[in-house]
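Values quoted throughout were computed directly from the atomic coordinates according to the rules given, and no laboratory measurement underlies them. Quick caveat: nothing in here was measured; it's all calculated off a predicted structure. Cβ sites come from the backbone with ideal geometry, for glycine too, and all protein chains shown count toward neighbours.
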Amino acid sequence: MDRYIVLRYIQSPRSGNGAPDTGAIGLTQAPPLVRVEQLSAHDVTDLRADPEVLMVVPSMPMRLIAPVEQRVPPEAPLADNWGIAAVGAHASAYDGSGVSVAVLDTGIDSQHPAFAGMQLVEKDFSGSGNGDRNGHGTHCAGTLFGRNDGARRIGIARGVQRALIGKVVGDDGAGQSGAIFQALSWALQQRADIVSMSLGFDVAGMIGGLNADGWPQPLALANALEAYGGNLLLFDALLAIFKTHSPYGTRPLLIAAAGNESRRDLDSKYRIANSLPAAAADVLSVAAVERHLSKYRVARFSSIQPRLAAPGVDITSAWPGGGLRTLSGTSMACPHVAGVAALWWQCLRQQGIAPTARNVSARLIASARKNVFVPETDESDVGQGLASAP
């Protein structure tokens with residue numbers, strides 16, 4: 001028996017007068033139902049013949065896009081939060097008020113002063129319980145919507161009042177891909193406007209695990225590639241379902257970290273393309289940039305083929321226990337863009353335009369700046385440019 005992800009799409013029942021029962025989320029269709037089940041090969045064959053089952057794919061390992069090694073000693077002073085000014089949030093008239101965001105990560109330290117007064121809706125999909133005993137999720141959430149720490153500003157969209165916190169990887173930073181699909185379905189049900197994901201599917205880890213179980217390398221590679229391909233198709237199928245909810249204003253904008261796989265410091269040709277979920281269609285993938293003199297340049301670790309770029313080196317944000325920590329990675333860049341998206345969401349609403357994933361994404365891309373990078377910056381490194389607040 002192996003673990004599989006089952007995607008169903010069930011029409012909502014009719015009410016007594018024959019009209020659709022719109023349910024808690026106010027839709028004419030029920031949300032996609034994602035289940036993770038232990039199945040035999042025979043079970044998989046039967047499910048794939050079920051007309052109510054859209055897809056059955058193997059679950060695969062998933063991990064945080066872990067921060068890179070720091071260039072400054074831990075005891076060094078905390079870095080200034082240069083990213084807030086770099087994306088223009090410091091001068092924006094908007095703060096994300098009225099926008100609902102979701103952070104799918106390692107959970108959150110809900111008692112941290114950076115989140116005082118907020119409505120935090122927590123749900124654990126990892127099996128390790130709510131709360132953040134890793135730190136990654138708290139740091140990302142702090143960059144997206146954290147309040148000030150004394151005189152230090154840490155958050156982009158400090159007016160966000162409601163945040164959905166889906167814990168999709170355990171306290172050790174590892175998990176299974178089924179959790180992210182379940183959490184995305186939950187975020188849709190909970191009417192999230194924006195979803196931030198700083199994690200990646202772990203193909204190398206799956207191959208290593210199969211090798212450890214005695215699988216020959218070619219078979220382990222084939223098995224992992226089959227699982228990855230299936231999960232990619234599942235992502236596309238789930239996002240296609242999300243699009244059917246767009247007329248009701250419930251489709252969230254998905255934003256994901258591109259990944260920290262490149263090694264430009266070793267050789268300029270060691271640039272690795274982004275992976276799931278950043279590689280999925282209709283997901284805004286985010287590269288990391290750093291300061292260089294009066295301009296910005298791509299971080300040495302940042303994976304390529306992003307849609308946008310954002311600050312991702314020496315970013316200070318909240319840490320469990322009430323403190324702060326400075327980290328680097330595309331994980332730190334992703335919540336910058338999610339925060340800027342919240343500002344655009346509020347901006348459109350105040351202009352009398354109904355904000356949607358599509359038009360907010362269009363604003364993010366149209367307002368991105370390319371004239372802020374060092375000469376000869378490659379578009380494959382930074383996408384359409386540096387995300388910019390309204």
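So how do 297-307, 327-337, 100-110 stack up, highest first, on mean other-Cβ count within 10 Å?
Packing order, densest peptide first, comes out as 327-337, 100-110, 297-307.
As a test, work out the antiparallel percent of DSSP beta bridges whose residues both lie in the chain, rounded to the nearest 5.
Given both bridge residues lie in the chain, the antiparallel proportion sits at roughly 50 percent.
Can you tally the net charge around residue 187? Count Lys and Arg as +1, Asp and Glu as -1, for every other residue whose Cβ sits under 13 Å from the Cβ of residue 187.
+2
Between the alpha-carbon centers of the range 152-186 and the range 88-112, tell me the distance in whole angstrom.
If we compute the Cα centre of each part, the gap is 11 Å.
Provide the per-residue ³J(HN,Hα) series for the range 222-238, in order, calculated from phi with Karplus coefficients 6.51, -1.76, 1.60 and θ = phi - 60°, each as a whole number of Hz, with x at glycine and proline positions.
4, 5, 5, 5, 5, 5, 5, x, x, 5, 5, 5, 5, 4, 4, 5, 5
Who wins for biggest fluctuation among 240, 280, 174 in a Gaussian network model of the chain, springs between alpha carbons below 10 Å?
240
Using the Karplus curve 6.51 cos²θ - 1.76 cosθ + 1.60 with θ = phi - 60°, work out ³J(HN,Hα) for each residue of the range 344-357 in order, rounded to whole Hz, and write x for Gly and Pro.
Result, ordered by residue: 5, 4, 5, 4, 4, 4, 6, 7, x, 9, 5, x, 9, 4 Hz.
Could you give the nm distance between label points at residue 281 and residue 49, where each point is 7 Å from its Cα heading toward the beta carbon?
Result for the modelled spin labels: 2.9 nm.
Going Cα to Cα from residue 243, which lysines come in below 29 Å? Please leave out same-chain ones fewer than 8 positions away.
Result set, ordered by chain and number: 123, 167.
Among 366, 204, 41, which one shows the biggest mean-square fluctuation in a GNM of the chain, springs joining Cα atoms closer than 10 Å?
41
Out of all DSSP beta bridges with both ends in the range 197-321, state the antiparallel percent to the nearest 5.
Antiparallel: roughly 30 percent of the beta bridges in the range 197-321.
Counting other C-beta atoms within 10 Å, and keeping those with at most 11, which DSSP coil trypsin sites (Lys or Arg not before Pro) do you find in the range 184-287?
269
When Lys and Arg each count +1 and Asp and Glu each count -1, what net charge do the other residues less than 10 Å away from residue 250, Cβ to Cβ, add up to?
+1
Would you pull out the residues with amide H under 5 Å of residue 130's amide H, same chain only if 5 or more places away, H placed 1.01 Å from N?
Residues meeting the criterion, in which the H sits 1.01 Å from N, do not exist here.
Enumerate the amide H contacts of residue 296 below 5 Å, restricted to partners 5 or more residues apart or on another chain; note that Pro and chain-start residues carry no placed amide H.
Sorted by chain and number, the residues that satisfy this are 373, 374.
If amide H atoms are built 1.01 Å from N in the plane of the peptide, which residues on other chains or at least 5 residues away come under 5 Å of the amide H of residue 122?
165
Within 12 Å, Cβ to Cβ, of residue 311, how many net charges do the neighbouring residues add up to if Lys/Arg are +1 and Asp/Glu are -1?
Neighbourhood net charge equals -1.
Using θ = phi - 60° and the Karplus curve 6.51 cos²θ - 1.76 cosθ + 1.60, what whole-Hz ³J(HN,Hα) does each residue of the range 300-316 get, with Gly and Pro shown as x?
For the range 300-316, the Karplus curve yields 4, 9, 5, 6, 9, 6, x, 8, 9, 10, 7, x, x, 10, 6, 9, 9 Hz.
From the Cα gyration tensor of the range 294-390, with a ≥ b ≥ c the square roots of its eigenvalues, which class applies: rounded if a/c is under 1.5, or else prolate if a/b is larger than b/c, or else oblate?
Verdict is oblate for the range 294-390.
Return the tail of the calculated pair distribution for the range 225-383, meaning the percent of Cα-Cα pairs more than 18 Å apart.
Across the range 225-383, Cα pairs with separations above 18 Å total 63 percent.
How big is the dipole moment of the range 249-390 about its Cα centre under a simple scheme where the beta carbon of each Lys and Arg is +1, that of each Asp and Glu is -1, and everything else is neutral? Debye, nearest 20, please.
I would put it at about 280 debye.
Leaving out same-chain residues fewer than 8 places away, which lysines sit with a Cα under 23 Å from that of residue 269?
295, 370
Taking the Cα centroid of the range 313-327 and of the range 249-280, what is the distance between the two, rounded to the nearest whole Å?
22
Among the DSSP beta bridges whose two residues both lie in the range 271-345, what percent are antiparallel, rounded to the nearest 5?
65
Mean-square fluctuation check for the chain, GNM, Cα pairs under 10 Å: which of 285, 97, 196 is largest?
In the Gaussian network model the winner is 97.
Kindly identify the chain as rounded, prolate or oblate by the Cα gyration tensor criterion: order the square roots of the eigenvalues as a ≥ b ≥ c, call it rounded if a/c is under 1.5, otherwise compare a/b with b/c, prolate if a/b is larger, else oblate.
Oblate, because a/c is 1.5 or more while a/b does not exceed b/c.
Can you give the calculated 222 nm mean residue ellipticity of the chain, where each DSSP H run of n ≥ 4 adds -39,500 (n - 2.57) and the sum is split over every residue, rounded to the nearest 500 deg cm²/dmol?
-9000 deg cm²/dmol
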